[in-house]
Every structure is written in structure tokens, then in C-alpha cells.
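Notes follow once the structure below has been shown.
The values are calculated or read from the model by the stated rules, or taken from the named source; none is laboratory data. Please read all numbers here as calculations on a predicted model, not as lab measurements. Reconstructed Cβ throughout: ideal geometry from the backbone, glycine too, with neighbour counts over all protein chains shown.
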Amino acid sequence: MTAHGHRVHGLERRGLMFVLSSPSGAGKTTLSRLLLERMPGLEMSVSVTTRPMRPGEVEGRDYLFVDQARFEAMVKRDELLEWAIVFDHRYGTPRAAVETALSHGRDVLFDIDWQGTQQLREKARADVVSVFILPPSAADLEKRLHSRAQDTDEVIRRRMSRASHEMSHWAEYDYIVINREVDDAFAEVQSILKAERLKRERRTGLTSFVRELQRQLEK
């Protein structure tokens, strides 16, 4: 999946899929929000899910909420780039919206787990940049989960148990960020995105630029 509509320093480049993954409570949602606020040319991939809507969530902004039958139909029709089951609920990324964004040269931000990241790599490895967010300690992770006041104690215990398994996949990611302080973690994630946007292989207008520069020099 490539794109040619976004320009950096006057040169066209194709969009990329920027993945943030972490155990629940490690900070990827906060970092995602900051990226969307402060990095032009980046938009959020809105996942489809079978889980119930939480207070304060908005249909189409936070998630696309569907029942299980609709979700399974989307899987059968290959309408999802990736999907996974997390805590008995299904989550997936609609293909059409992402491909449209990339075709116009826009970058797409993903807040997904390691299973979804693996599936994205299988389908579009060259366009995927993956970052795994780690908490500074297990105690800090548990404190953050309690401070969100979104889950019962039983759900928090399940999330803590699952965190170890999720973190076992850290070596599959391109970058690792330890979220001790959110401002420092954001600066690191922002730097990763900026650098990846400038990679030679993504700057589709670079070949023409260099050839024209050489032509000028050889006159």
C-alpha cells in the first residue's frame, strides 16, 4: 500500500502505518492523543469492536461499535486489515478507511496489540512502523489501572496477568519506549515518527529531485 500525496520539504512521500502497543495502563492512549494533537498529517485508525460503549465514548470517534454477527461478516468479507479477541471482545481495523488515507499520503496511527501488529506486518511490512510502550514497573502499571477507575478489581487482575504475556512480544517491535514521564515518552515517540517520515525509501519524489539536481550541476 503506497501513497504519493503528502509532501515533506517539497518532496512527495508515501504514508505509513504508525503502531503503538502496550499493556493496558502503560500510556499508549495518552501518547496517541498527544501525537494526534501535535503532529500534522497523522490521523487515527478507528477500530471496530464488539465490546459495549463506555461512558464518554463517541461512536465513530473512539470505536465503531458492532455486534458479533456484523464483526464476523466483516472478517469473512476480508474487510479488516487485522483483528483479535481481547478479554472476550473482538477488535479489528477496517481496511477501506486505512487504504484511502494511505492513498492520499496521510499517516495512520494504530492503537492495537501485538496480534494486530503481526497481521499488519504480514500484509504491509514496508509501511508499518511499530513502537511498544513499557511501564517503568509493575507497581506503576497497577496504580495507573486503578487510577483510571474504568474497571473492576477482577478486570484489573486479569489485565495485570495478561500484561506479562503482552510484554513477552516486545522484541518483535521496531522501537521500545519506557513511559516513566509522559512528556519524555512523547518526545521519544514523536522523534521516531519524524525520522521514519524522512526515510529515503518513503520519499517517492526523491529520485526525481536528485536527477534534476544532477542535471543542473552538469550544465
Which helices (runs of 4 or more DSSP H) does the stretch 133-219 wholly contain that include 3 or more residues that are touching a helix residue (DSSP H, G or I) at 6+ places or on another chain (Cβ under 7 Å)? 138-148, 153-167, 182-197
Please go through the stretch 28-53 and give me each residue that is part of a loop (DSSP other than H, G, I, E, B) and touching a residue at least 24 places away in the same chain (Cβ under 8 Å), ordered by number. MET39, GLY41, SER45, VAL46, SER47, THR50, ARG51
A careful count of residues in the stretch 92-124 that are aliphatic (A, V, I, L, M) and assigned to a loop (DSSP other than H, G, I, E, B) gives 1
Counting only residues that are surrounded by 13 or more Cβ atoms within 10 Å (Cβ to Cβ) and touching a residue at least 24 places away in the same chain (Cβ under 8 Å), the stretch 177-197 contains a total of 12
Only residues that are surrounded by fewer than 18 Cβ atoms within 10 Å (Cβ to Cβ), under 18 Å from TYR173 (Cα atoms), at pLDDT below 90 and of a type outside the set (S, T, N, Q): list them for the stretch 85-128, please. LYS123, ALA124, ARG125, ALA126
In the stretch 10-27, how many residues are outside any loop (DSSP other than H, G, I, E, B) and modelled with pLDDT under 90? 3
Exactly one condition in (1) assigned to a strand (DSSP E or B); (2) surrounded by fewer than 18 Cβ atoms within 10 Å (Cβ to Cβ); (3) at pLDDT 90 or above is not met by VAL75; state its number. (1)
